[in-house]
Amino acid sequence: MSADTPRQLTFALLRRLADGEFHSGEVLARQFGVTRATVNNALRDAGSYGLTLYSVRGRGYRLARPLQWLDADAIRAGLGAERGAVHVETLDHAASSNALLLQRALQGAASGTVLAVEWQSAGRGRLGRTWHSGLGDTLTFSLLWRCESGLAALSGLSLAVGVAMMRALAELGVSGIGLKWPNDVILNEGKLAGVLIEAQGDMLGPSAVVIGVGLNLTVPELLRGRIDQAVSDLASLDMPVPERNLVLAVSLKNLASVLREFAKRGFASLRAEWESHHVFQMRPVKLTLPDGSLVTGTVMGVTDDGALRLATEQGEKIFHAGEVSLRGA
Ligand code: ATP
């Protein structure tokens, strides 16, 4: 029995339970050709994926709420005219979709390859931070983009990705969202989505860029407690949570078109749109620099390569995203 088998069984059972209805342990055991004890053991792990599972004698197992699974065909169907631009692969598990796609990039994966992962056990954020997700609650995916320009030309890219996510969410009917420099999507002052860009190549090019996005559909209390900043999710909106596969398809569609725009004209052509969404535009903020020191000032906007323009007591200063964190002052 391979080490991955128990997890595969757990996922297969959870797929069967996705409707949120009761399923008898006996029937599940028969369908999967295992004993009831094996079913019970496999489902004991549900909690570690952030799920609440009820087990009721005489009735069976039921998830506290239905689960939306990723479905490559549904995602492809939602891509419309961009169907040829991306190639989507769905995976049950990866430590980090970015790390896996970076590996695939080294092995020659094509531009437009997308890995969408049901469960990330070691999701990454900037500066070695952790991206937390529960099974079915967040969308975590990475897109590989190869471009002729070198890393030096890519400095505004993470902001461009923020613009793509804003366009995608608007297309899905989500309102009241904004951006926080360099690229978080904010809803009701909490972080709705984060972006992590990792690149291979040299300053002159060509480059292989992996764009990772984590977007919260529903953040259960259990998960909220693990996150050290304000969090928000689509479930808190006054509308039904958009279908997960559709959210992914619409995000990819908008990413593909924004990347084309970025390749032609750079971030400059997206700058005004980005600034119109910045929740801290012309507002006082504080920045934490890599050495831990703080700088305060008023946000004037961003430069054509995505750096933050801050009016300080010593005049206007420019900050590159690298290792800077921004908060409202
Ligand atoms: P900052 O907002 O401090 O500048 P960052 O943009 O560098 O952070 P990211 O790399 O986007 O951060 O994401 C990592 C951070 O996001 C974590 O340190 C944590 O505070 C927060 N976080 C982790 N998981 C989630 C989640 N599911 N939803 C919202 N925020 C999260």
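Annotations
- Across the stretch 133-146, the qualifying residues are those that are open to solvent by 10 Å² or more (accessible area, probe 1.4 Å) and in a strand (DSSP E or B), and the one among them that is nearest to the ligand (Cβ to nearest atom) is Trp145.
- Total residues in the stretch 7-60, condition over 24 Å from the mean Cα position of the chain (by Cα), β-branched (Val, Ile, Thr) and under 19 Å from Gly136 (Cβ atoms): 0
- Odd one out for Ile186, checked against (1) within 14 Å of the chain's Cα centre (by Cα); (2) modelled with pLDDT of 90 or more; (3) within 9 Å of the ligand (Cβ to nearest atom): (3)
- When the criteria are applied in full, Asp228 meets the requirement of being within 12 Å of the ligand (Cβ to nearest atom), assigned to a loop (DSSP other than H, G, I, E, B) and surrounded by fewer than 20 Cβ atoms within 10 Å (Cβ to Cβ).
- Here Thr130 does not fit the description of being among the polar types (S, T, N, Q) and either at pLDDT 90 or above or away from the ligand (no atom under 14 Å from the Cβ) (or both).
- The stretch 190-208, subset within 16 Å of the ligand (Cβ to nearest atom) and touching a residue at least 60 places away in the same chain (Cβ under 8 Å), residue farthest from the chain's Cα centre (by Cα): Glu198
- Among the strands (runs of 3 or more DSSP E) confined to the stretch 47-120, the ones with at least 1 residues that are open to solvent by less than 50 Å² (accessible area, probe 1.4 Å) and at pLDDT 95 or above are located at 60-63, 87-94, 113-120.
- When residues in the stretch 149-184 are screened for being touching a Ser or Thr at 6+ places or on another chain (Cβ under 9 Å), under 26 Å from Val241 (Cβ atoms) and open to solvent by less than 10 Å² (accessible area, probe 1.4 Å), 5 of them pass.
- Filter pass, Lys264 being open to solvent by 70 Å² or more (accessible area, probe 1.4 Å), within 12 Å of the ligand (Cβ to nearest atom) and over 16 Å from the mean Cα position of the chain (by Cα): no
- Options Thr298, Thr303, Thr312, Thr288; residue that is within 16 Å of the ligand (Cβ to nearest atom) and either over 19 Å from Leu157 (Cα atoms) or not basic (Lys, Arg) (or both): Thr288
- The stretch 236-278: number of residues that are of a type outside the set (S, T, N, Q) and touching a strand residue (DSSP E or B) at 6+ places or on another chain (Cβ under 7 Å): 12
The values are calculated or read from the model by the stated rules, or taken from the named source; none is laboratory data. Everything numeric here is computed off the predicted structure, so don't read it as measured data. No Cβ is skipped: glycine too gets one built from the backbone with ideal geometry, and neighbour counts run over all protein chains shown. Heads up: the accessible areas ignore ligands, DNA and RNA and are worked out on the full protein's heavy atoms, side chains in. Shrake-Rupley method; radii C 1.70, N 1.55, O 1.52, S 1.80 Å.
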